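See structure below.
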Amino acid sequence: MKDLFIIIVSAVLIHNIILSQFLGVCPFLGVSKKLSSALGMGAAVTFVMVLASTITWIIQHFVLAYYEIEYLQTIAFILVIASLVQFVEMVIRKFSPALYKSLGVYLPLITTNCAVLGVAILNVQTEYTFVEGLFNSVGNALGFTLALVLFAGIRERLELADIPASLQGLPIALITAALMSMAFLGFTGLL
Amino acid sequence: MYYAVVSLAIMGGIFGLVLAFASRKFAVEVDPRVEAINEALPGANCGACGYPGCSGLAEAIAEGKAPVDACVPGKEAVAKKVAEVMGVEANANKERSIAQLMCQGGNDKCKNIYEGMGFEDCHSAVAHFKGPKACNYGCLGFGSCEKICPFGAIKMGDNGLPIIDPYLCTGCGKCVQNCPQQVLKLVGVSHLVHVRCSNKDKGKFAKQACSVACIKCRLCEKNCPQDAIHVVSDEQGGSVAVIDYEKCTNCGICATKCPTKAIEKILPIDNTVPPKTVEPEDTTNSNCGACGLCK
């Protein structure tokens with residue numbers, strides 16, 4: 001139990017998928033203009049990430065390792081993630097057209113989101129058990145959502161701030177992201 | 001090898017089946033008109049309508065946010081098809097607009113006051129004391145409009161001013177939006193008299209900067225029988241002659257009276273000549289608007 005708690009804290013704060021491992025920066029910058037769509041994106045990525053890493057763990061251990069075809073890891077994992085994203089896209093489109101509109105192109109882009117593939121591969125590489133892997137992917141997904149929501153909150157305030165013309169928009173967002181990343185480095189001594 | 005192929009095929013098959021089932025279960029009813037309009041549009045995704053691609057415009061038209069003739073490069077043919085889908089009459093007699101340059105200050109008429117050594121680009125030049133030209137309001141002549149025109153209708157002339165081909169121009173307005181000096185305007189093709197000057201300085205300074213500048217003498221205003229031309233002031237106190245195209249009857253009296261020849265009367269375009277278009281590459285595609293983008 002203690003180990004699982006450590007895995008979650010480590011994934012959310014210390015090895016935050018965006019701010020410490022720099023995976024999934026594309027939606028981090030793309031869908032962080034509004035708090036509401038950042039939350040929606042976080043939920044979508046959480047769903048895809050947890051489900052994908054669960055299924056990929058099963059595939060890795062019962063199919064790829066069994067037949068000794070581990071070299072197919074990347075393509076098999078991408079297959080799982082792509083199908084899941086398609087599925088999530090259909091569900092969101094059906095039940096929340098507003099969220100579907102605000103996520104826009106970033107929703108299909110979860111397919112190639114390196115955070116999702118990254119967590120799936122990291123779970124296998126660090127040789128987590130099934131439960132450990134599940135907790136790790138939940139933690140990573142929460143960390144992704146946390147970073148996205150915090151960043152969106154800051155960017156909403158930046159909209160009102162008096163920023164020099166040459167820094168407006170993406171430049172100040174990148175500077176903010178760098179400062180956030182440095183702040184998250186402070187969690188290194190937590191464990 | 002055998003295992004690899006089979007296991008991947010099985011995985012793909014399972015996921016495919018799940019997705020096929022889900023797409024039935026979670027099917028969203030879309031407006032069938034969107035699809036039909038999308039079919040009717042040229043599909044070049046040129047962006048001249050201001051929407052993200054042809055599918056974006058199709059959605060906007062179906063929702064009634066955009067007019068049926070919003071696709072400028074598609075001209076009447078596409079507008080007609082879209083109107084059919086929407087069940088309305090296309091306004092076929094709507095006049096075509098083309099871009100007109102409101103400046104005559106070429107290199108021979110309007111001198112440079114410094115040597116520009118930056119990028120060959122109007123937006124870059126305008127950041128440096130409004131460009132090297134003596135006139136702060138005129139065409140800078142770096143050809144940003146020529147570069148942005150999707151239809152090859154703008155060519156830079158020898159005097160450093162863009163020449164707009166009235167037969168190739170579709171009136172999409174990309175150059176008008178892009179011009180940092182705002183010396184291009186969209187005007188209906190039937191209007192023949194244009195004030196080819198945008199200088200808002202007092203007459204003396206305007207004349208110093210450019211030999212064909214509007215000097216605000218108001219001779220045009222006094223001589224116009226239709227009350228269609230006025231020297232209009234803006235908030236900053238600058239002024240320049242502006243034609244009210246709704247009143248103008250193309251008589252051209254102002255053009256003959258203008259002491260600096262800042263007003264020009266042009267020849268009407270020959271409507272018997274069909275609009276110059278690029279031969280459609282794919283004649284089987286009836287949607288081809290012959291915009292020339294594919295070339």
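Is it fair to say B:Q104 is modelled with pLDDT of 85 or more, part of a strand (DSSP E or B) and either of a type in the set (V, I, T) or surrounded by 20 or more Cβ atoms within 10 Å (Cβ to Cβ) (or both)? Considered against the rule, which asks whether it is modelled with pLDDT of 85 or more, part of a strand (DSSP E or B) and either of a type in the set (V, I, T) or surrounded by 20 or more Cβ atoms within 10 Å (Cβ to Cβ) (or both), B:Q104 comes out as no. Taken together, the criteria exclude B:E35 from residues that are under 25 Å from the mean Cα position of the chain (by Cα), acidic (D, E) and more than 30 Å from A:A76 (Cβ to Cβ). Only one of the listed residues (A:L29, A:L23, A:L39) is outside any helix (DSSP H, G or I), in contact (Cβ under 8 Å) with a residue 60 or more places away in the chain, more than 12 Å from chain B (Cβ to nearest Cβ) and among the aliphatic types (A, V, I, L, M). That residue is A:L23. Looking for whichever is touching a strand residue (DSSP E or B) at 6+ places or on another chain (Cβ under 7 Å) and in the same structural domain as B:D201 (by TED's automatic domain parsing) here; the options are B:G131, B:G116, B:G105, B:G152. Which one fits? Every option except B:G105 fails the conditions. Identify all residues within region A:58-87 that are assigned to a helix (DSSP H, G or I) and more than 10 Å from every other protein chain (Cβ to nearest Cβ); write none if there are none. Residues satisfying the conditions are A:I58, A:Q60, A:H61, A:F62, A:E70, A:Q73, A:T74, A:F77, A:I78, A:I81, A:V85.
Of the residues making up region A:34-46, those that are buried (at least 18 other Cβ atoms within 10 Å of the Cβ) and closer than 17 Å to A:F95 by Cα are A:S37, A:G40, A:M41, A:G42, A:A44, A:V45. Within the bounds of region A:69-91, is there any residue that is open to solvent by less than 60 Å² (accessible area, probe 1.4 Å), in contact (Cβ under 8 Å) with a residue 24 or more places away in the chain and within 17 Å of A:T126 (Cα to Cα)? Looking through region A:69-91, at least one residue is open to solvent by less than 60 Å² (accessible area, probe 1.4 Å), in contact (Cβ under 8 Å) with a residue 24 or more places away in the chain and within 17 Å of A:T126 (Cα to Cα).
Residue-wise test of (1) in contact with a helix residue (DSSP H, G or I) (Cβ under 7 Å, 6 or more places away or on another chain); (2) modelled with pLDDT under 90.
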{"position": "B:A153", "(1), (2)": "no, yes"}
{"position": "B:L161", "(1), (2)": "no, no"}
{"position": "B:P166", "(1), (2)": "no, yes"}
{"position": "B:C169", "(1), (2)": "no, yes"}
{"position": "B:G173", "(1), (2)": "no, yes"}
{"position": "B:L184", "(1), (2)": "yes, no"}
{"position": "B:L192", "(1), (2)": "no, no"}
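Might you check whether a residue that is modelled with pLDDT of 85 or more, of a type in the set (D, E, K, R) and more than 23 Å from B:N178 (Cα to Cα) occurs anywhere in region B:113-126? Within region B:113-126, none of the residues are modelled with pLDDT of 85 or more, of a type in the set (D, E, K, R) and more than 23 Å from B:N178 (Cα to Cα). The one condition from (1) in a helix (DSSP H, G or I); (2) without any contact (Cβ under 8 Å) to a residue 40 or more places away in the chain; (3) within 10 Å of another protein chain (Cβ to nearest Cβ) that A:K101 does not meet is (3). Against the numbered list (1) surrounded by 15 or more Cβ atoms within 10 Å (Cβ to Cβ); (2) closer than 19 Å to B:E63 by Cα; (3) within 10 Å of another protein chain (Cβ to nearest Cβ); (4) not polar (S, T, N, Q), B:F26 comes up short only at (2).
Restricting the first member to region A:42-66 and to residues that are in contact (Cβ under 8 Å) with a residue 60 or more places away in the chain, and the second to residues that are aromatic (F, W, Y) and open to solvent by 40 Å² or more (accessible area, probe 1.4 Å), the beta-carbon pairs closer than 7 Å and six or more apart or on different chains are A:W57/A:F130.
Comparison of B:E89, B:E76, B:E95, B:E84 shows that the only residue that is in contact (Cβ under 8 Å) with a residue 60 or more places away in the chain and either more than 14 Å from chain A (Cβ to nearest Cβ) or surrounded by 17 or more Cβ atoms within 10 Å (Cβ to Cβ) (or both) is B:E95. Would region B:29-47 turn up any residue that is under 17 Å from A:R93 (Cα atoms), part of a helix (DSSP H, G or I) and facing chain A (nearest Cβ under 10 Å)? No: zero hits. When B:H194 is tested against (1) part of a helix (DSSP H, G or I); (2) under 30 Å from B:D69 (Cα atoms), only condition (1) is not met.
The values are calculated or read from the model by the stated rules, or taken from the named source; none is laboratory data. From a predicted model like this one, the values you see are computed outputs, not experimental measurements. Neighbour counts are summed over all protein chains in view; Cβ atoms, including those assigned to glycine, are modelled from backbone coordinates with ideal geometry. These accessible areas exclude ligands, DNA and RNA; they are computed on the full protein's heavy atoms, side chains included. Shrake-Rupley method; radii C 1.70, N 1.55, O 1.52, S 1.80 Å.
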